[in-house]
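What follows is a set of notes on a single structure, which appears directly below.
The values are calculated or read from the model by the stated rules, or taken from the named source; none is laboratory data. Computed from a predicted structure; not experimentally measured. Here the Cβ positions follow ideal geometry from the backbone for every residue, glycine too, while neighbour counts run over all protein chains shown. These accessible areas exclude ligands, DNA and RNA; they are computed on the full protein's heavy atoms, side chains included. Shrake-Rupley method; radii C 1.70, N 1.55, O 1.52, S 1.80 Å.
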Protein chains: 2
Amino acid sequence: MISEKMQLLAKNGSAIRAMFEESKLMAAKYGKENVYDFSLGNPNTPAPESIRKAAIEILEQTDPVALHGYMSNVGYEDVRDRLAESLNRRFGMDLTRENLIMTVGAAGSLNVALKTILNPGEEVLLQAPYFGEYNNYISSFDGVPVVTPAKLPDFGLNLEAMERLITEKTKAVIINSPNNPTGVIYSETEIRALADLLRRKEAAFGHAIYLISDEPYREIVFGDHTVPYLPRYYENTFVGYSYSKSLSLPGERIGYLVVNPAMEDAAAVIGAAGVANRILGFVNAPSLFQKVIGHCVDEVGDMSLYIRNKEVLYKELTAMGYEMREPEGAFYMFPKALEADDKAFCAAAKRHRILIVPGSTFAGPGYFRLAFCVSEATVDHSLEGFAKLAKEYGK
Amino acid sequence: MISEKMQLLAKNGSAIRAMFEESKLMAAKYGKENVYDFSLGNPNTPAPESIRKAAIEILEQTDPVALHGYMSNVGYEDVRDRLAESLNRRFGMDLTRENLIMTVGAAGSLNVALKTILNPGEEVLLQAPYFGEYNNYISSFDGVPVVTPAKLPDFGLNLEAMERLITEKTKAVIINSPNNPTGVIYSETEIRALADLLRRKEAAFGHAIYLISDEPYREIVFGDHTVPYLPRYYENTFVGYSYSKSLSLPGERIGYLVVNPAMEDAAAVIGAAGVANRILGFVNAPSLFQKVIGHCVDEVGDMSLYIRNKEVLYKELTAMGYEMREPEGAFYMFPKALEADDKAFCAAAKRHRILIVPGSTFAGPGYFRLAFCVSEATVDHSLEGFAKLAKEYGK
């Protein structure tokens, strides 16, 4: 018999799977090109050609025993050296290989960080709306997710709510900027204020409160926006990074965790995090793709598709009467649903063969998430449906 | 501050790391060729050339969006189809893709299986000596490892002890054959008797008791020995497989989990296991190497190095007076230490620049583990040291 926890989780899992299956059924019925699936964050821009070249070159030139063998659980030293050098150059940091652990994507990074610090019953703050998987990660270590309400209408950091909800039990705050599902980038002013708040609370409660920055969308930024590098603003910061979006490698499960050298007990934390990487069953990040990253450390994929899609959708949808904060980064927008019940609204969209996700899935009821990491054609051909949908709601 | 659990685990982690560091220091001092490191299970035989070829071909011919993108959390359908076909052919099974989940190595498989079934406080039986990491995996889900004593002198299955130690709380038994650290393969007779015992206990306690077969060493078999395929003998069986040893790909983190179609609630279990793969942060097995496995589904690396090393070491060491059961598979032997204190014995070995692991690390005190997945030269040049060591103990 399945464990009690998993019975519940599998039920929710089936709901998402049902959506995935429905998309396939609709594609079979109407033709794939007539279904506008904005439900998944699966990049539609190819990995840069340099990735293919690097992978083939490494495969051709490296002794397979060395290439595919075990390395230290924290990853290859040369790869971590190159990565540290790149991050130091880009963000004015002073990292060494000792501050970096290669991980099985950002999901791996977050699990390693949480395993390292969480005792049962300790609380982790999440600002709504947020990526629902955080709940599962926190629960895996018997932590308690505490949701701080969204700051409306623009989804900035709600520091008043955090001030109220940080307690003696608070061990960490997860921040995701550029944000899934809103596309918001937190400004330097917001980050400074957050750092001040956390330092004040650390002093009041007499223990560290960790900031965990989940950054898979760091390289997807529109216009002149910049994404502050959190370790520069707050000592007790972990950064979980993934190449899933910046290099379109989500299936390869490659990323890294930064432990800020300024963190309290940094050496002990990184030691424990390396052990966590092993005992969680990751063991190490996939070896070939560690080496590929080492070769392509400053590479970013072509993000022009996302920029273009954002421009078209933001302009057209707002003209139709949809309301939203213009996305500043990532490949999501989070407009208001045209009726209070976001699930009913997404069901109505489905009749126009548009697949979008109810905001309540992200603890953001009354909104919907639109993932625009799709082809130009999907965007362009969906507009008629979005317009008809708006008209049905009297826009 | 690091979590209480991790403080303890990191301390043990550092002990292993210390051994690893010492090996590097010794290599620097005496020259790498003069240090005989039998401490790690890191394959020394290269991945077959077909792996390199398949990887390059796939990289050259596949659209990167499809190759590196997300697939279903359980893995690519075509890969699971080919794998099911191969397992059916080899083991007379009747598997479909629905019974298979591609995983981040066997470590991934075991964690997925345990997450799927374990409620807090439920017990998992391990027969000593065993791979110590099982303790961590079980503890991750608040399960309780219950160690059944070794059957001496030959490390066969100790069914009398299991009979006594299986309780109402027993949820699973982990079996590892060919075994790390003993090199023993459990015979068909032993497996039948185990299946009978478990069925009897299931009936007595009125709930499923799962057999989890950890099989990274299945393809490394000496002489005429065969490894029974456990799902053929017992309904409620999971098989965790890894290509780390059979194809020398430990760094790539690729393996699979079989959910026996005859298992109670098999469909629900596989659904939950797919969700577990996602929420544990694995998300999916690395995509390129899934495809490589699909191309090389019947491939096995050249195991002749291990066969040769086993022959030499078994013959020479027994002639020197070391006592052991002759390994039947895997690349480990587990001889008696020449004094009661296995840690002191391994320290004595170190003076001959021989690195071996105390049996107590595997809950097998009084023995030592020798991993012979090393070069021929390491084996041959170590013999003088082993002989001197034996003489020191009056052999």
at A:H352 the sorted inter-copy label distances (label 7 Å from Cα on Cβ side), in nanometres, are 8.0
Here the residues of segment A:62-90 whose accessible area is at least 40 Å² smaller with all protein chains than in the chain alone (probe 1.4 Å) are A:P64, A:V65, A:H68, A:Y70
Name the residue, out of B:G271, B:G366, B:G13, whose mean-square fluctuation peaks in a Gaussian network model built on chain B with Cα pairs under 10 Å. B:G13
If we restrict to alpha carbons, what Rg and Dmax does chain A come to, in Å? 21.3, 66
With the other protein chains left in place, how much accessible area per residue, in square angstrom, belongs to the protein assembly as shown at a 1.4 angstrom probe? 37 Å²
Show that you can apply the helix-only estimate: for chain B, add -39,500 (n - 2.57) for every DSSP H stretch of four or more residues, divide by all residues, and state [θ] at 222 nm to the nearest 500. -14000 deg cm²/dmol
Would you mind giving the total buried accessible surface between chains A and B, with a 1.4 Å probe and ligands, DNA and RNA left out, rounded to the nearest 100 Å²? 5800 Å²
May I ask you to work out the translational diffusion coefficient for the protein assembly as shown at 25 °C, viscosity 0.890 mPa s, via Stokes-Einstein with Rh from the Kirkwood sum over Cα pairs, reported in whole µm²/s? 89 µm²/s
How large is the accessible surface of A:V379 in square angstrom, using a 1.4 angstrom probe and rounding to the nearest 10? 0 Å²
Rounded to two decimals, what ratio of Rg to Rh does segment A:1-73 give with C-alpha atoms and a Kirkwood Rh? 1.21
Check: chain A dipole with +1 on Lys, Arg Cβ and -1 on Asp, Glu Cβ, in debye: 940 debye
Just name one of B:L389, B:G321, B:A113: the one whose Cα is farthest towards the positive end of the charge dipole of chain B (beta-carbon charges, Lys/Arg +1, Asp/Glu -1). B:L389
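Rounded, prolate or oblate: which fits segment A:1-151 when a ≥ b ≥ c are the square roots of the eigenvalues of the alpha-carbon gyration tensor, with rounded for a/c under 1.5 and prolate only if a/b beats b/c?
Oblate is the answer for segment A:1-151, as a/c is 1.5 or above yet b/c matches or exceeds a/b.
Counting Lys and Arg as +1 and Asp and Glu as -1, what is the net charge of the other residues whose Cβ lies under 14 Å from the Cβ of A:R97?
That works out to -4.
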Please find the FRET efficiency linking B:D224 to B:T189, where r is the Cβ-Cβ separation and R0 is fixed at 22 Å, and quote it to the nearest 0.05. 0.90
Would you mind classifying segment B:228-313 by shape? Square roots of the alpha carbon gyration tensor eigenvalues, ordered a ≥ b ≥ c; an a/c under 1.5 is rounded, otherwise it is prolate if a/b is larger than b/c and oblate if not. oblate
Give me the percent relative contact order of chain A, please, defined on Cα pairs under 8 angstrom at least 6 residues apart. 24 percent
Kindly sort A:T96, B:T226 by accessible area of their heavy atoms, largest first, with the probe set to 1.4 Å. B:T226, A:T96
Answer rounded, prolate or oblate for segment B:275-395, using the Cα gyration tensor with square roots of eigenvalues a ≥ b ≥ c: rounded when a/c is under 1.5, else prolate when a/b is larger than b/c, else oblate. prolate
At 0.36 nm per residue, minus the direct Cα-Cα distance, what do B:Q7 and B:H295 gain on full extension? Give it in nm, one decimal, please. 99.4 nm
Quick one: grab Rg to one decimal and Dmax as a whole number for segment B:106-254, Cα atoms only, in Å. 14.6, 43
Along the charge dipole of the protein assembly as shown, pointing to its positive end and built from +1/-1 on Cβ of Lys, Arg, Asp and Glu, which listed residue (B:A276, B:A204, B:G41) has its Cα farthest out? B:A204
Taking accessible area as the heavy-atom solvent-accessible surface of the protein chains with a 1.4 Å probe, which residues of segment B:238-270 lose no less than 30 Å² upon going from the isolated chain to the full protein assembly? B:P250, B:G251, B:E252, B:R253
What angle, in degrees between 0 and 90 and rounded to the nearest 10, separates the Cα long axis of helix A:188-205 from the longest principal axis of the Cα atoms of chain A? 60 degrees
For chain B, the longest principal axis of the Cα atoms and the Cα long axis of helix B:49-61 enclose an angle in degrees, to the nearest 10, of 40 degrees
Rounded to a whole %, the carbon-and-sulfur portion of the accessible area of the protein assembly as shown at a 1.4 Å probe is 52 percent
Specify which residue in the list A:I51, B:V221, A:I185 is farthest towards the positive end of the charge dipole of the protein assembly as shown, using unit charges on the beta carbon of Lys, Arg (+1) and Asp, Glu (-1), about the Cα centre. A:I185
Rounded to the nearest 20 Debye, what is the dipole magnitude of segment A:161-205 about its Cα centre when Lys and Arg each give +1 and Asp and Glu each give -1 at the C-beta? 180 debye
When Rg is the radius of gyration of the Cα atoms in segment A:49-137 and Rh is its Kirkwood radius, what does Rg/Rh come to? 1.06
Once all protein chains are kept in place, B:K315 shows an accessible area at probe 1.4 Å, nearest 10 Å², of 130 Å²
State the extension gain, in nm to one decimal, for the chain segment bounded by B:V144 and B:E77, taking 0.36 nm per residue of separation less the distance between their alpha-carbons. 20.6 nm
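Just list whichever of A:K201/B:K115; A:K32/A:K391; A:K245/A:K315; B:K24/B:K336; A:K24/B:K291; B:K24/B:K315 have alpha carbons separated by over 31 Å in the model shown. Each step should come with its number before you reach the end.
Details: A:K201/B:K115 35 Å; A:K32/A:K391 25 Å; A:K245/A:K315 24 Å; B:K24/B:K336 27 Å; A:K24/B:K291 22 Å; B:K24/B:K315 29 Å.
Violating the 31 Å Cα-Cα cut-off are A:K201/B:K115.
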Measure off 7 Å from each Cα along the Cα-to-Cβ vector at B:D265 and A:N119, then give the distance between these two points in nanometres to one decimal. 3.4 nm
Starting from the Cα of B:K29, step 7 Å along the direction of its Cβ; do the same at B:S50; then give the gap between the two resulting points in nm. 4.5 nm
Buried on assembly, segment A:94-131 (at least 40 Å² less accessible surface than by itself, 1.4 Å probe): A:K115, A:N119
Ascending list, in nanometres, of distances separating the B:D196 label from those of the other copies (7 Å, Cα toward Cβ): 7.6
Taking A:G366 in one copy and the same position in all the others, each labelled 7 Å out along Cα→Cβ, what are the pairwise distances from the first, in nm, shortest first? 7.1
Please state the charge dipole magnitude for the protein assembly as shown, taken about the Cα centre, from unit charges on C-beta atoms (+1 on K and R, -1 on D and E), reported in debye and rounded to the nearest 20. 560 debye
